[in-house]
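Worksheet: the structure to be examined is printed underneath.
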Amino acid sequence: MHLFSPIRSTSVFHILKNAARRYSIRVSGPAGCTTIPHQGLPKRVKIVEVGPRDGLQNETFIVPTSCKVEFINRLSQTGLQSIEVTSFVSPKWVPQMADHTKVFSEIEKKPGISYPVLVPNTKGLEAAIGAGVKEIAIFGAASESFSQKNINCSIAESLNRFQSVVDIAKSNDIRIRGYVSCVCGCPYEGPIEPTAVAKVAKQMYDMGCYEISLGDTIGIGTPGSMRGVLEEVLKVIPPEVVAVHCHDTYGQALSNILTALEMGIATVDASVAGLGGCPYAKGASGNVATEDVVYMLHGMSIETGIDLRKLVLTAEYICHVLNRTTSSKAGLALSGVQNKQG
């Protein structure tokens, strides 16, 4: 017995065609599909696009600066409100980000869009300030082992180092966002206690970070473990300052994001085409694809302000540059429909 036996393939194409045309997924037809608003979920979700930084940092092919600039400029046309564009880190550690100053200076900065950059230390911050950066991101970990492997110091030492970064940034009217890595599990330690995550998140918030992004760095989380993490974190900081950053290693990212939405979280990190990975976390496959997140949110009548058609076309552009296929299932489906439509 076929699960969808009452629906003919022509009807499926008709549904996809309508979805591609409208992108709000308010479709109806022979299958009787329709969008029903979900009670208790945010009415609007902010997507933080991390593709240009987190998405590209682990690529072995060094993307030309002009292509990075074009990529970011295209993302700026999609309706995104926040695009993390690069990392002011030493090229010795992340060669892909060696052109950080040039990329930041050459992109077209549209009003109403923030263009944060990652900074690892005061040296990186000074370079970012010189480039005219208005928002930065700093990072810590809930795992001692990961902290040592990633930035060669303990969690406590890393937070002490970043306090000076935060102080200088605040004195220059620069907004600070904080990342907490390995919130559901560590490639070296295994499961991480939710209380450890909450402790780091609270410290970063108290330091002056306006938003704390909780990263499932190796994509090991499930709705159960994500709920456990959020229950502890939300005891110490409010939901409006929390974001989730999910990798899709085990195919759990969308489920984990939905769990976060149910708990009042309204900011989600994502990477177009599912690009990404952490160079210090073996087995950490790509981030959740922005297209998949937007498709799901629009299907629940949750606003994002994003034009999914433009997002899919932007994903096609960067995938062409990288000579790879998108990891977004929604992107693949909608690209096929767009191509059939001509």
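The values are calculated or read from the model by the stated rules, or taken from the named source; none is laboratory data. Because the structure is a prediction, the values reported are computed rather than measured. Virtual Cβ from ideal backbone geometry, glycine too; neighbours counted across all protein chains shown. Quick note on the areas: whole protein, heavy atoms, side chains included, nothing else; ligands and nucleic acids left out. Shrake-Rupley method; radii C 1.70, N 1.55, O 1.52, S 1.80 Å.
Return the long-range amide H neighbours of Cys184 (sequence gap of 5 or more, or a different chain), with a cut-off of under 5 Å between placed amide H atoms.
It is Thr217, by chain and number.
Give, as a single signed number, the net charge of other residues whose beta carbon lies under 14 Å from the beta carbon of Ser164, with Lys and Arg counted +1 and Asp and Glu -1. If you can, show how the numbers build up before the last one.
On the way: positive: Lys123, Arg161, Lys170; negative: Glu126, Glu157, Asp167.
Overall, the nearby charge balance is 0.
Could you pull out every residue, at least 5 positions away or on a different chain, whose amide H is within less than 5 Å of the one on Leu118? Hs are placed 1.01 Å off N in the peptide plane, and Pro or chain starts have none.
Distant-sequence amide H within range of Leu118: Thr86, Ser87, Phe88, Ala137.
Expected output is a single nm value to one decimal: the length gained when fully extending between Tyr188 and Asn73, i.e. 0.36 nm times separation in residues minus the C-alpha distance. What is it?
Working: separation 115, 0.36 × 115 = 41.40 nm, distance 3.75 nm.
So the extension gain works out to 37.6 nm.
Each residue of region 134-139 in order: what ³J(HN,Hα) in whole Hz does its phi give by Karplus 6.51 cos²θ - 1.76 cosθ + 1.60, θ = phi - 60°, with x for Gly and Pro?
10, 8, 10, 10, 10, 9
Set the Förster radius R0 to 35 Å, insert the Cβ-Cβ distance between Gln81 and Asn152 as r into 1/(1 + (r/R0)^6), and round the FRET efficiency to 0.05. Don't jump to the answer; show the numbers that get you there.
Values: r = 34 Å, r/R0 = 0.97.
Efficiency at R0 = 35 Å is approximately 0.55.
What are the residues whose amide H is under 5 Å from the amide H of Gly140, where those residues sit 5 or more places off or on another chain and H is modelled from the backbone?
Long-range HN contacts for Gly140: Tyr179, Val180, Ser181.
Residue-wise, which Karplus ³J(HN,Hα) couplings in Hz belong to region 199-209, taking 6.51 cos²θ - 1.76 cosθ + 1.60, θ = phi - 60°, and x for glycine or proline?
Working through the residues one at a time gives 4, 5, 4, 5, 4, 5, 5, 5, 5, x, 6 Hz.
Per-residue HN-Hα couplings for region 252-267, Karplus 6.51 cos²θ - 1.76 cosθ + 1.60 at θ = phi - 60°, whole Hz, x for Gly and Pro?
Once θ is set to phi - 60°, the couplings for region 252-267 become 9, 4, 5, 5, 5, 5, 4, 4, 5, 4, 4, 9, x, 7, 10, 10 Hz.
How much of Lys310 can a 1.4 Å solvent probe reach, expressed as accessible area in Å² and rounded to 10?
Approximately 80 Å² for this residue.
Heads up, I need the accessible area for Lys123: 1.4 angstrom probe, whole protein in place, Å², nearest 10.
Per-residue accessible area (Lys123): approximately 150 Å².
Could you tell me the distance between the Cα centroids of region 83-109 and region 134-163, to the nearest Å?
Region 83-109 and region 134-163 have Cα centres separated by 20 Å.
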